[in-house]
Amino acid sequence: MIFKELVSRYWFVAIILAVSFVGIFDHDLWTSDEPRVAEIGREFLDDNVSLAVPRLNGEPFLEKPPLYFWCVALSYKIFGGPSASAARIPSLFFGLGTLVFTYLLSRRMFGRNAAMWSCMVLALSTEFFYINHKSLVDPSLVFFVTGTVYWLYLALTAEVEKKWIYYTICYIFTTGGFFAKGFVGIVFPALLFLCWIVWIKEWREIKRARPWIGIVIVSVCIAPWLWFLWKEGSWEYINTFLIHNNLQRFVPGSGYTGGHKDVVYTYLVNYWQLFLPWSILTPAVLFSVCRKGVPEKRRLFLLLWFMSGLLMLSLAGTKRGIYLVPIFPPIAILTGLWFHDVETRKVNSRVDRLSQWSLLCFFGIGIVVFIIKAFKHDLFATAPFILSIPVLAICFIAAFRSFIKNKIIKLRSVSILLGLIYLSGVLTFYPYINEHKSFRPFCEKLGKILTAREGPLYAFQPDEITRAIVPFYTNRYIMPIHGLDNIESLGRNYSVLMLVVDRHGSAPLYKSISEVFPNVLLSEHVNKRYIKLVSSEGK
């Protein structure tokens with residue numbers, strides 16, 4: 001009896017945990033951001049380094065505050081040293097924390113069943129799944145933004161005498177958002193609060209929020225780090241972080257040179273891919289929210305969170321699909337509420353029925369694509385593929401029959417089917433991808449050569465991946481060389497080793513290098529990169 005009760009209440013937790021943990025421990029670092037984050041965390045373990053200044057290949061890296069890198073370094077300490085798996089563990093726990101806050105907010109708003117749907121929708125959305133299985137800074141930002149909004153909602157709906165408690169916790173989480181990824185962690189909840197106040201015209205709430213206390217809390221927490229940053233590199237470090245990597249990155253036309261620029265409507269296009277498969281339901285969800293005109297306050301709060309964040313990101317100077325994830329929790333809760341309303345027959349329009357059909361068809365197409373891809377890459381004989389195909393087929397038929405019989409999609413059938421699709425895809429394709437994307441075999445060979453030879457390791461015009469992946473796997477920093485003149489002067493030195501990474505097929509340029517360094521000690525093709533270790537003398 002107790003077992004049946006546990007199964008009925010917590011089966012969805014088992015699915016979320018299974019999907020969250022798969023793909024964390026079974027492959028090496030892949031490009032492009034993951035090696036950089038993992039290496040910055042590793043360098044915090046070096047002797048006599050400042051904990052205030054993140055470093056990459058021994059040089060300051062001031063794009064992001066150090067919180068996530070600290071977590072990676074702590075993970076290395078706990079789990080026995082630097083590894084790809086340990087580098088991903090902080091993302092895993094930040095992702096689970098985000099799901100907890102999403103569940104709590106949805107349950108407080110709409111009840112337990114809607115909260116289960118919301119949590120499942122977020123956990124099984126494409127981009128959310130992706131970032132929480134990589135060593136990336138963004139899961140920490142999503143966690144703190146979601147936590148901040150949860151406490152903000154509690155503050156807005158609490159009795160007057162209790163509001164200050166929730167607002168204080170909200171400000172503490174806002175500080176965490178800053179240390180996760182800079183001022184954008186403050187802007188998300190602040191913009192939501194302002195939009196809410198303007199919309200409902202409850203101006204007294206600003207006084208109840210005591211924003212001056214929030215400014216003090218955030219400033220007191222941030223100031224020591226900025227002071228240590230100034231102590232390490234004077235105003236140059238402060239300017240690089242605050243102006244170049246925060247203000248100029250956000251403001252269009254400000255002269256930011258870090259890339260990731262795109263047109264203003266980029267996210268309106270990218271959203272449909274990044275929030276798959278649930279983005280198929282978004283028109284029906286928004287129609288359901290607004291079908292009676294202005295949404296009631298709970299739905300309005302979530303809609304303002306989503307729309308204000310989308311507008312801010314669209315107007316920002318730099319754009320990447322991954323930046324959208326902090327606004328996935330509100331649309332996940334609205335989608336979960338739609339599923340709940342479908343189950344309880346509160347909505348049953350033609351749009352709702354068509355959306356459910358489209359979702360099931362998408363699952364069927366996904367299974368077919370999975371089979372085609374497996375055959376294309378000769379993975380049809382692997383054990384995960386052989387085991388997964390009958391299971392996926394049975395689950396899809398069961399979900400389809402359930403929909404035909406009940407005229408609604410059931411939470412358990414959909415979540416189990418999609419969870420199995422994720423698990424099958426990871427177990428089948430990750431080993432193949434790792435074989436083609438991993439730099440570890442090359443770096444292991446490189447490490448043996450470096451152990452046998454003395455002297456520094458140089459690299460010609462190395463990108464961030466090279467400056468991260470080589471130190472991570474060899475524990476040796478590389479010395480960048482940017483000009484051919486320096487190449488020629490180094491070529492006179494017998495002990496010099498030069499690492500050359502060709503991504504663009506620059507044949508004339510690399511031919512000039514080979515004239516100075518004619519002896520190729522190591523050469524491999526990894527992830528569309530031709531990597532060579534060359535020397536001016538023999539082995």
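The values are calculated or read from the model by the stated rules, or taken from the named source; none is laboratory data. What you see is a predicted model, and the numbers here were worked out from it, not measured in a lab. Here the Cβ positions follow ideal geometry from the backbone for every residue, glycine too, while neighbour counts run over all protein chains shown.
Collect the residues in region 188-207 that are surrounded by fewer than 20 Cβ atoms within 10 Å (Cβ to Cβ) and closer than 25 Å to I243 by Cβ, keeping them in residue-number order.
Correct list: A190, L191, L194.
Just wondering, is there one or more residues in region 511-527 that are surrounded by 13 or more Cβ atoms within 10 Å (Cβ to Cβ), modelled with pLDDT under 75, in contact with a strand residue (DSSP E or B) (Cβ under 9 Å, 6 or more places away or on another chain) and assigned to a helix (DSSP H, G or I)?
The answer is no, given that none of the residues of region 511-527 is surrounded by 13 or more Cβ atoms within 10 Å (Cβ to Cβ), modelled with pLDDT under 75, in contact with a strand residue (DSSP E or B) (Cβ under 9 Å, 6 or more places away or on another chain) and assigned to a helix (DSSP H, G or I).
Grab the helices (runs of 4 or more DSSP H) fully contained in region 112-224, keeping just those with 1 or more residues being of a type in the set (S, T, Y).
Those helices (runs of 4 or more DSSP H) span 112-123, 126-131, 138-157, 163-181.
Taking I213 as meeting all but one of (1) among the β-branched types (V, I, T); (2) more than 24 Å from the chain's Cα centre (by Cα); (3) within 23 Å of V37 (Cα to Cα), write down the number of the exception.
Looking at each condition in turn, I213 falls short on (3).
How about region 279-349: which helices (runs of 4 or more DSSP H) wholly inside it have at least 1 residues that are touching a Cys at 6+ places or on another chain (Cβ under 7 Å) and either among the hydrophobic types (A, V, I, L, M, F, W, C) or surrounded by fewer than 24 Cβ atoms within 10 Å (Cβ to Cβ) (or both)?
Once the helices (runs of 4 or more DSSP H) in region 279-349 are filtered for at least 1 residues that are touching a Cys at 6+ places or on another chain (Cβ under 7 Å) and either among the hydrophobic types (A, V, I, L, M, F, W, C) or surrounded by fewer than 24 Cβ atoms within 10 Å (Cβ to Cβ) (or both), what remains is 297-315.
Could you tell me which numbered condition F25 fails, if it satisfies all but one of (1) part of a loop (DSSP other than H, G, I, E, B); (2) surrounded by 16 or more Cβ atoms within 10 Å (Cβ to Cβ); (3) within 19 Å of the chain's Cα centre (by Cα)?
Here F25 clears every test but (2).
Quick one: which residue in V19, V53, V49 is outside any helix (DSSP H, G or I), in contact (Cβ under 8 Å) with a residue 24 or more places away in the chain, surrounded by fewer than 24 Cβ atoms within 10 Å (Cβ to Cβ) and of a type outside the set (G, A, S)?
One residue alone meets the criteria, V53.
Please verify whether region 358-367 includes one or more residues that are over 25 Å from the mean Cα position of the chain (by Cα), in a helix (DSSP H, G or I) and free of Cβ contacts under 8 Å to residues at least 12 places away in the same chain.
Checking region 358-367: at least one residue is over 25 Å from the mean Cα position of the chain (by Cα), in a helix (DSSP H, G or I) and free of Cβ contacts under 8 Å to residues at least 12 places away in the same chain.
Six or more apart or on different chains, Cβ under 6 Å: which pairs go from a residue in region 311-338 that's assigned by TED's automatic domain parsing to the domain that holds L99 to one that's of a type in the set (A, V, I, L, M) and assigned to a helix (DSSP H, G or I)? Could you list them?
As it stands, the answer is none, since no pair meets every condition given.
So is I408 surrounded by fewer than 20 Cβ atoms within 10 Å (Cβ to Cβ) and in a loop (DSSP other than H, G, I, E, B) or not?
yes
So which residues in region 28-45 are assigned to a loop (DSSP other than H, G, I, E, B) and either modelled with pLDDT of 90 or more or closer than 26 Å to C221 by Cβ (or both)?
D28, L29, F44, L45
Taking region 269-278 only, how many residues are surrounded by fewer than 17 Cβ atoms within 10 Å (Cβ to Cβ) and among the aliphatic types (A, V, I, L, M)?
Qualifying residue count for the region: 2.
When residues of region 47-79 are filtered for being acidic (D, E) and within 24 Å of G95 (Cα to Cα), how many remain?
Summing the residues that are acidic (D, E) and within 24 Å of G95 (Cα to Cα) in region 47-79 gives 1.
Which pairs have Cβ atoms under 7 Å, sit 6 or more apart or on different chains, and link a residue in region 182-205 that is outside the structural domain of V149 (by TED's automatic domain parsing) and farther than 13 Å from A155 by Cα to one that is in a helix (DSSP H, G or I) and not hydroxyl-bearing (S, T, Y)?
No pair meets every condition.
Show the residue pairs meeting these rules: Cβ distance below 6 Å; 6+ apart or different chains; first residue within region 82-101 and free of Cβ contacts under 8 Å to residues at least 60 places away in the same chain; second residue among the aromatic types (F, W, Y) and assigned to a helix (DSSP H, G or I).
Hits for this filter: A86/Y76; F94/F143; G97/F143.
Rundown of residues vs (1) part of a helix (DSSP H, G or I); (2) over 21 Å from I469 (Cβ atoms), yes/no style:
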position: K64; (1), (2): no, no
position: Y68; (1), (2): yes, no
position: L74; (1), (2): yes, yes
position: G81; (1), (2): no, no
position: F94; (1), (2): yes, yes
position: V100; (1), (2): yes, yes
position: Y103; (1), (2): yes, yes
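On the basis of being aliphatic (A, V, I, L, M), touching a Gly at 6+ places or on another chain (Cβ under 6 Å), assigned by TED's automatic domain parsing to the domain that holds W117 and modelled with pLDDT of 90 or more, does A73 make the cut?
Answer is yes for this residue.
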